[in-house]
Amino acid sequence: MDSKALDKIKKCLRLAKSSNANEAAAALRQAQKLMAIHGVTTDDVAMSDVGTHTSKASGGRVPPKYIGMLVNMVAGAFGAEIVYSPVYDGERWHGQFEFYGLNGAAEVAGYAFEVLGRQLKRDRTAYLATLNKRLKRTTKVRRGDLYAQAWLNAVAKQVTRQQRTEAENAIVEAYKAKRWNDLENIAGRDNTKGMRSHDHGAIHQGYQDGKKVSFHQGVNGSRHAQIGELAS
């Protein structure tokens with residue numbers, strides 16, 4: 001739909017809430033007229049406020065469990081929702097997360113995912129570099145993932161899940177239903193099975209390193225300002 005027409009409809013709907021009964025009635029009639037002309041409903045108008053942000057994700061067709069922990073943590077912190085889409089390019093699988101939500105939630109959650117993801121990758125790589133080079137690859141992957149999960153468990157203690165209003169939930173659910181007919185829940189790939197006693201060091205180190213990470217959800221200031229603290 002034309003953005004200018006959409007803006008006019010939104011303006012009329014805002015005026016329809018005026019305390020002046022005549023002004024409100026006239027604005028509502030104009031909004032209804034414009035919606036009829038352009039073939040849109042009030043639900044369509046509400047859903048136009050849902051924003052999206054796409055972030056690339058490593059991990060193949062099914063990402064490892066710790067990536068799922070990260071993306072769910074940041075989405076919940078900012079009131080966003082997520083969809084994972086694996087794509088095969090003929091040689092290998094690539095994935096991407098699409099964040100969606102209201103009031104800029106998608107953009108800020110996506111940015112947080114990217115910033116924290118880079119930091120986690122650096123710390124996980126640095127930890128793996130301390131391991132005995134003669135260890136089997138499966139052992140290194142297992143310890144690396146245990147480290148990452150513990151790192152995220154420490155960071156998550158700083159995060160408060162943002163609650164949406166019932167009206168906001170209804171808009172987000174309507175958007176989801178319109179965009180995707182059938183979504184499957186996928187469990188992250190668990191590479192930590194077969195844990196050994198010597199793997200506990202990975203958990204301890206991951207938790208200690210995660211405690212050093214700052215994830216501030218400030219009460220005041222813009223969301224961009226809050227996210228800026230992550231990058232510092």
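The values are calculated or read from the model by the stated rules, or taken from the named source; none is laboratory data. Values in this document were obtained by computation on a predicted structure and should not be read as measured data. All Cβ positions, glycine included, derive from the backbone under ideal geometry; neighbour counts span all protein chains shown. These accessible areas exclude ligands, DNA and RNA; they are computed on the full protein's heavy atoms, side chains included. Shrake-Rupley method; radii C 1.70, N 1.55, O 1.52, S 1.80 Å.
Points to keep in mind about this one:
- Highest mobility in the GNM of the chain, judged by mean-square fluctuation with C-alpha springs under 10 Å and restricted to Gln32, Gln158, Gln96, is found for Gln32.
- Antiparallel content of DSSP bridges confined to the chain, in %, to 5: 95
- Here the simple spin-label model places points 7 Å from the Cα toward Cβ, and for Thr54 and Asn72 these points are separated by 2.5 nm.
- Listed residues Asp199, Asp2 arranged by accessible area, highest first, probe 1.4 Å: Asp2, Asp199
- Cα-Cα P(r), the chain, percent of pairs per 5 Å interval: 1, 6, 11, 14, 15, 13, 11, 9, 6, 5, 3, 3, 2, 1, 0, 0, 0
- Solvent exposure of the chain, expressed per residue, is 61 Å² of accessible area, with all protein chains present and a 1.4 angstrom probe.
- Theoretical ellipticity at 222 nm over the chain - DSSP helices of four or more residues, -39500 (n - 2.57) apiece, nearest 500: -18000 deg cm²/dmol
- Largest-first ordering by accessible area, 1.4 Å probe, given options Trp93, Trp180, Trp151: Trp93, Trp180, Trp151
- Solvent accessible area, Å² - Ile171, 1.4 Å probe, full protein context: 40
- Solvent-accessible area of the chain (1.4 angstrom probe, protein heavy atoms only): carbon and sulfur portion equals 49 percent.
- Asp89 paired with Arg122, simple spin-label distance in nm, labels 7 Å along Cα-to-beta-carbon: 2.5
- The heavy atoms of Tyr111 offer some 90 square angstrom of accessible surface to a 1.4 angstrom probe.
- When the chain is treated as a GNM with alpha-carbon contacts under 10 Å, the residue of His198, His53, His94 showing the greatest mean-square fluctuation is His198.
- For the chain, the longest piece that avoids every one of the GluC sites (Glu not before Pro) found in DSSP loops with at most 15 other C-beta atoms within 10 Å covers 92-183.
- Pairs beyond 32 Å (Cα-Cα), from Lys10/Lys121; Lys178/Lys212; Lys133/Lys193; Lys8/Lys56; Lys8/Lys157: Lys10/Lys121; Lys178/Lys212; Lys8/Lys56; Lys8/Lys157
- Here the range 3-47 is treated with +1 on each Lys and Arg Cβ and -1 on each Asp and Glu Cβ, and its dipole about the Cα centre works out to around 160 debye.
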